[in-house]
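Note sheet for the following structure.
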Amino acid sequence: MGTEVELKLSIPAAEADKVRRLQWLRELSGPARCQQLVTVYFDTSKFELRERGVAIRVRRAGRRRLQAIKALGADGRAPFGRYEWEQEITGDTPDLKLAHGTALEPLATKKLRRRLKPIFETVIERTTFPIHSEKADLELALDRGHIRVHGSREREPISEIEIEVKRGDPVEIAKLAKRLARSLSVTYGPRSKAERGYALSADEAGKGVRGAAIALDPRVSAGDAFRIIGLACLDHAIANERATREGDAEGIHQMRVGLRRLRTAISIFKDLVHGPETEAIKTELKWLTDQLAAARDLDVLIEKQLRPLRNAAPIGAAAAVLEQDLDARRAAELAKAKAAVESERYRSGGLRTALWLAEGSWLGRDDPARAALRERPAAQLAAETLGARTKKMLKKARRVGKLDARARHRLRIGVKKLRYACEFFAGLFPGPKQSARRERFCKALRALQGLLGELNDFEVHKDMAAQIARPRKDAHAQARKALAMGFITGREQKQLESCVAAIDKTVVRLAKLPGFWK
């Protein structure tokens, strides 16, 4: 088994030819080598391997056939690392006898052999630049081509750069990436060809992508835990870039979730990562989150509140006028979100954040105090964090009926951060007893977050109703919109009391649950 440590960068197809012409790259590397690579990925018709986080492929390079088995999750021992098992084979189909000792071994049954079939293939022209330095041997590969679903004409273009560490210090990846970013319009592009191929095969390309579970080893240090969590959250956000560009509401929501999770991770590990560079990263993350916020809020209002009123008498006609107005606003906000992810600020910010997580100043290699915090067991930090945040949350939540809207909003954010923390640290407390406790605790937290979210929606809609009620030129249309919005907010205010009562019950239930971290 090996650990494949590589950084993926997306590059516009129009700029790909510039890579070969970079004078400084030609001076750093040996002779470039060009190859035509055809790689076929295999799975069952129900994508059972993908569901288990495993990929198997066979690559044709000239007369050679290379079989690779990959664990789709990140390897926590190194930034941008994944487990990989690669061997030469003689045929064009997988040899499952070679699965022994790999992530595929538990699944490599006779039944799997019968059901395995080609799912998609990548056809790539790869130009490789070997780069040698005192600290590392790297390989920069420029890949241009496409992904094609097996048996279909449907395809998706590929234009990317992979920087892989063959030997030595992974820090050299970051240095090379920064230099490329000064010369080309590259950005961090963490989605593997396998992930993109599966999305295309399942008709999920351009749709929202949920974040993958984060598996921390119970023995991991606090510093490594932060890096693993941070990169997973960033990858979650950036995996939704295409969906956001194409105006997919769930994609925008998932990108915001990824960004919020990353900001939560920075908050949890603040003693470890504080500093000027961290503050700059936080500013960029908040900027992008804010660019996506209004589109999501409008989508919730239209889909959950207005659509059901279309045929409801006597408010249906007024609701239709309001829906038309809000649809126009949503379209403008979707355009704003698209512009954000197509901006230079987004491009540079994504790469900067990835490199900061991997090898940023927060590592404090010359600071003994920070090094001690970094080497501290993550499980110890997790137990302290979860205990303290739970105690603080319960104290506020017991008074929810007396809190004003602003305080309830802060409580909701606190609950959300606690839930994210529980997800981050799940792997640090293994065992059936802890797992059962965690499931009960997280279920109650999700319920509490949902109820507090409803209260927050009520407040957002009240503010929106006040704006709509202001006099406009088209008084007739304005009156109809105000009527519809008043109907919605009036109905929500009637639900407020029962919502607060449900929160009280959920808080009592939460307070009785034992912490899974104890």
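The values are calculated or read from the model by the stated rules, or taken from the named source; none is laboratory data. Quantities reported herein were computed from a predicted structural model and do not represent experimental measurements. A quick note on method: Cβ atoms are made from the backbone with ideal geometry, for glycine too, and the neighbour counts reach across all protein chains shown.
Given the options Leu322, Leu301, name the one that is in the same structural domain as Asp224 (by TED's automatic domain parsing), more than 24 Å from Thr244 (Cβ to Cβ) and either surrounded by 13 or more Cβ atoms within 10 Å (Cβ to Cβ) or under 20 Å from the mean Cα position of the chain (by Cα) (or both). Exactly one residue qualifies, and that residue is Leu322.
Residues that are without any contact (Cβ under 8 Å) to a residue 12 or more places away in the chain and either in contact with a helix residue (DSSP H, G or I) (Cβ under 6 Å, 6 or more places away or on another chain) or not in a loop (DSSP other than H, G, I, E, B) (or both) occur at least once in segment 25-38. Evaluated against (1) modelled with pLDDT of 95 or more; (2) part of a strand (DSSP E or B), Arg167 falls short on exactly one condition, (1). Taken together, Arg408, Arg389, Arg398 contain a single residue that is in the same structural domain as Leu451 (by TED's automatic domain parsing) and crowded, with 20+ Cβ neighbours inside 10 Å, which is Arg408. In a residue-by-residue description of segment 130-140, the property of being of a type in the set (S, T, N, Q), outside any loop (DSSP other than H, G, I, E, B) and assigned by TED's automatic domain parsing to the domain that holds Gly62 applies to no position. Against the numbered list (1) within 21 Å of Leu37 (Cβ to Cβ); (2) at pLDDT below 90; (3) in a helix (DSSP H, G or I); (4) charged (D, E, K, R), Glu172 comes up short only at (1). Residues in segment 35-57 that are of a type in the set (A, V, I, L, M, F, W, C) and farther than 19 Å from Trp85 by Cα: Phe47 only. When the helices (runs of 4 or more DSSP H) confined to segment 232-334 are screened for residues that are closer than 25 Å to Val415 by Cβ, among the polar types (S, T, N, Q) and in contact with a helix residue (DSSP H, G or I) (Cβ under 9 Å, 6 or more places away or on another chain), those reaching at least 3 such residues are found at 249-268, 276-300.
Anything in segment 99-116 that is of a type outside the set (Gly, Ala, Ser) and surrounded by 12 or more Cβ atoms within 10 Å (Cβ to Cβ)? List them, or say none. Of everything in segment 99-116, those that are of a type outside the set (Gly, Ala, Ser) and surrounded by 12 or more Cβ atoms within 10 Å (Cβ to Cβ) turn out to be Thr102, Leu104, Glu105, Leu107, Leu112, Arg113, Arg115, Leu116. The set of residues from segment 82-127 being in contact (Cβ under 8 Å) with a residue 60 or more places away in the chain, out of contact with any His (no Cβ under 9 Å at 6 or more places or on another chain) and among the acidic types (Asp, Glu) comprises Glu84, Glu86, Glu125. Candidates in segment 45-62 are the residues that are part of a strand (DSSP E or B) and of a type in the set (A, V, I, L, M); of these, the one that is modelled with the lowest pLDDT is Ala61.
Is at least one residue of segment 199-211 in the same structural domain as Tyr41 (by TED's automatic domain parsing), closer than 24 Å to Pro12 by Cα and touching a residue at least 60 places away in the same chain (Cβ under 8 Å)? Yes; the residues of segment 199-211 include at least one that is in the same structural domain as Tyr41 (by TED's automatic domain parsing), closer than 24 Å to Pro12 by Cα and touching a residue at least 60 places away in the same chain (Cβ under 8 Å). None of Arg263, Arg310 is among the basic types (Lys, Arg) and more than 30 Å from Tyr188 (Cβ to Cβ) except Arg310.
For residues that are without any contact (Cβ under 8 Å) to a residue 60 or more places away in the chain and either under 30 Å from Glu303 (Cβ atoms) or of a type in the set (Val, Ile, Thr) (or both), tally how many sit in segment 427-461. Total satisfying the criteria: 15.
Let's see how each residue does on (1) out of contact with any Leu (no Cβ under 6 Å at 6 or more places or on another chain); (2) closer than 30 Å to Phe425 by Cβ; (3) in the same structural domain as Ile229 (by TED's automatic domain parsing); (4) modelled with pLDDT under 95:
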position: Glu15; (1), (2), (3), (4): no, no, no, yes
position: Ser29; (1), (2), (3), (4): yes, no, no, yes
position: Asp43; (1), (2), (3), (4): no, no, no, no
position: Arg64; (1), (2), (3), (4): yes, no, no, yes
position: Gly91; (1), (2), (3), (4): yes, no, no, yes
position: Ala103; (1), (2), (3), (4): yes, yes, no, yes
position: Lys111; (1), (2), (3), (4): yes, no, no, yes
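Has segment 266-278 got at least one residue that is of a type in the set (D, E, K, R), within 15 Å of the chain's Cα centre (by Cα) and in the same structural domain as Ala335 (by TED's automatic domain parsing)? No - not one qualifying residue is present in segment 266-278. Checking Glu125, Glu134 one by one, the residue that is exposed (fewer than 14 other Cβ atoms within 10 Å of the Cβ), farther than 18 Å from Gln67 by Cβ and not hydroxyl-bearing (Ser, Thr, Tyr) is Glu134 and no other. Name the residue that is modelled with the highest pLDDT, counting only residues in segment 76-89 that are assigned to a strand (DSSP E or B) and out of contact with any Leu (no Cβ under 9 Å at 6 or more places or on another chain). Selected residue: Glu84.
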